[in-house]
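To keep things clear, I will list the structure first and then write my remarks on it.
The values are calculated or read from the model by the stated rules, or taken from the named source; none is laboratory data. Computed from a prediction, not measured in an experiment: that's the story for all the values here. Every residue, glycine among them, receives a Cβ derived from its backbone with ideal geometry; neighbour counts consider all protein chains shown.
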Amino acid sequence: MIEEGMGIMNNGYERRKYRRLPLNLTLGVSKLYKQDYIELNDINVDLEVVDISKAGIGFRTQKELPVDYYFDGRIELVDNDFFYAVVKIIRRQKLEDQNYIYGAKFVGLAPFLADKVDIYGRKIDEN
């Protein structure tokens, strides 16, 4: 049995390093960029963040976005707690409803900022 929010099992083993926590957040992204100064401007898309872990976020959108590109995000948790992060898109899957679901990881996130996700998880567990 897979515990809700814990990810996909692979031969009985959890593949994710960190627990996924539900998060209801919309991020507005106007620009994607890649190393070597490659930029995609005027993206203007809202990302519906569906979960978060210390390593990254899962999100959904109607627009197809390229894998291996980065964006800057303001991650809002609870009680006005937030942090800024560079996020790299690492996985994309098209859904039946014509939306896309993405996996993205935080890049260079300081440990004290990643710890905010643990604090958020404890607050969820208390409720």
Exercise. Of the conditions (1) in contact with a strand residue (DSSP E or B) (Cβ under 6 Å, 6 or more places away or on another chain); (2) within 21 Å of GLU48 (Cβ to Cβ), LEU113 fails just one. Which one is it?
Worked result: (2)
Problem set entry | Residues (surrounded by 14 or more Cβ atoms within 10 Å (Cβ to Cβ) and either outside any loop (DSSP other than H, G, I, E, B) or under 16 Å from the mean Cα position of the chain (by Cα) (or both)) located in the range 23-33 | LEU23, LEU25, LEU27, VAL29, LEU32, TYR33
Exercise. Looking only at residues in the range 60-112 that are surrounded by 16 or more Cβ atoms within 10 Å (Cβ to Cβ) and aliphatic (A, V, I, L, M), which one is farthest from ARG20 (Cα to Cα)?
Worked result: LEU65
Exercise. Does at least one position in the range 51-62 carry a residue that is among the hydroxyl-bearing types (Ser, Thr, Tyr), modelled with pLDDT under 95, in a strand (DSSP E or B) and over 22 Å from ALA110 (Cα atoms)?
Worked result: no
Exercise. From GLU14, GLU48, GLU4, which residue is surrounded by 13 or more Cβ atoms within 10 Å (Cβ to Cβ) and modelled with pLDDT under 95?
Worked result: GLU14
For this session: Select from the range 25-39 the residues that are touching an Asp or Glu at 6+ places or on another chain (Cβ under 8 Å) and among the polar types (S, T, N, Q) and write down the one among them that is farthest from GLY103 (Cα to Cα).
Result: SER30
For this session: State whether the residues of the range 80-99 include one that is modelled with pLDDT under 95, in contact with a Phe, Trp or Tyr (Cβ under 9 Å, 6 or more places away or on another chain) and in a loop (DSSP other than H, G, I, E, B).
Result: yes
